[in-house]
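The values are calculated or read from the model by the stated rules, or taken from the named source; none is laboratory data. Note that the coordinates shown come from a computational prediction; the quantities given were computed from them, not determined experimentally. As a convention, Cβ positions derive from the backbone with ideal geometry for all residues, glycine included, and neighbour counts pool all protein chains shown. Side chains included, ligands, DNA and RNA excluded: accessible areas come from the protein's heavy atoms. Shrake-Rupley method; radii C 1.70, N 1.55, O 1.52, S 1.80 Å.
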Amino acid sequence: MSSIENTIAFLGPVGTYTHEAALFFAEKLDIKDPDLLECVSFDDVFDAVDRGRAAYGVVGKENSIEGPVTATLDNFAFRSSAVILAEHVVDINHCLLTAIDAEVDNITKVASHPQGLAQCRRYLTEKLPGRETIITSSTAESARLAASDPTIAGIANEFAAELHGCKVAAREIEDHLGNQTAFALIGRHGMDANINGDRFKTTIALFMQVDKAGTLNMILSEFAYANINLSMIQSRPMKQQLGDYMFFIEFEGRERDVNVQTALSCLRLKLREVKVLGSYPVV
């Protein structure tokens with residue numbers, strides 16, 4: 001029997017890179033028979049965790065080529081109370097997938113998630129010029145489309161090809177080898193996933209009192225004084241008026257570390273809000 005405690009929400013359909021990451025996290029959580037809840041978007045994954053339909057969720061956090069996943073950042077900042085419990089990096093190896101009996105010369109459309117299409121621009125330009133592109137909600141959805149239509153090719157991984165019954169027409173078609181995506185395991189505030197890692201990171205969202213000159217310099221100075229190494233800084237619009245922004249910052253270390261506590265305390269005195277989105281192991 002399934003239970004909420006064993007439920008992990010992920011971006012479906014089965015065969016996505018998020019699905020792969022969910023299976024990895026299930027093993028780390030020591031969940032022998034996870035109940036995987038298929039979602040149509042990262043928004044839906046966050047909603048499943050916030051509303052208690054799943055104990056855990058898996059969302060894309062950052063890609064080495066395309067940068068931070070804005071849908072994930074916006075949920076953390078404006079919509080969700082979920083926090084990051086752990087991070088796992090997945091190698092992204094895109095394949096061109098077709099129906100079993102399809103010929104590449106007969107392909108008229110190429111489908112994939114926007115990031116999948118963007119990460120294979122050079123291959124598509126050189127090998128499949130002029131083909132119409134179809135945007136799908138996930139790479140795995142493009143595999144499902146390709147399996148049912150010999151005129152459509154999908155861009156996804158071999159995992160999706162096996163699950164949806166596709167032929168792998170070409171491997172490693174991404175423009176940049178070494179492409180990776182960091183996936184976050186999320187859960188409700190106060191949860192402890194009890195996952196060990198070799199290193200820890202902390203992610204925070206910073207909201208300013210007023211937009212004024214020198215604010216970003218002040219923020220960076222606090223981390224410099226505390227000898228904290230930043231690994232990511234990203235601005236996002238507040239969605240209220242043009243030019244109104246907040247910042248996401250990620251750094252090495254745990255929230256409970258003395259130097260981290262010092263930096264956060266100083267920032268709380270100077271900013272409207274400092275929201276800790278998670279202090280977590282990288283596994």
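Restricting attention to the range 70-84, the residues that are among the β-branched types (Val, Ile, Thr) and surrounded by fewer than 17 Cβ atoms within 10 Å (Cβ to Cβ) add up to 1.
Considering 117, 220, 145, the condition of being of a type in the set (A, V, I, L, M), free of Cβ contacts under 8 Å to residues at least 24 places away in the same chain, open to solvent by less than 70 Å² (accessible area, probe 1.4 Å) and in a helix (DSSP H, G or I) is satisfied by 220 alone. Which one is most open to solvent (accessible area, probe 1.4 Å), of the residues in the range 245-269 that are basic (Lys, Arg) and part of a loop (DSSP other than H, G, I, E, B)? It comes out as 256. Restricting attention to the range 1-28, the residues that are open to solvent by 10 Å² or more (accessible area, probe 1.4 Å), under 18 Å from residue 50 (Cβ atoms) and touching a residue at least 60 places away in the same chain (Cβ under 8 Å) total 1. Residues in the range 51-69 that are open to solvent by 10 Å² or more (accessible area, probe 1.4 Å) and either at pLDDT below 90 or under 8 Å from the mean Cα position of the chain (by Cα) (or both): 61, 62, 64, 65, 66, 67, 68, 69. Residues of the range 159-172 that are out of contact with any strand residue (DSSP E or B) (no Cβ under 6 Å at 6 or more places or on another chain) and in a helix (DSSP H, G or I): 159, 160, 162, 163, 164. If you filter the range 161-187 down to residues that are within 20 Å of the chain's Cα centre (by Cα) and either β-branched (Val, Ile, Thr) or modelled with pLDDT of 95 or more (or both), you find that the one that is farthest from residue 18 (Cα to Cα) is 187. Apart from one condition, residue 282 fits all of (1) within 24 Å of residue 214 (Cβ to Cβ); (2) open to solvent by less than 40 Å² (accessible area, probe 1.4 Å); the exception is (1).
Which members of the range 228-244 meet the condition of being modelled with pLDDT under 80, surrounded by 12 or more Cβ atoms within 10 Å (Cβ to Cβ) and not acidic (Asp, Glu)?
Selection gives 238 alone.
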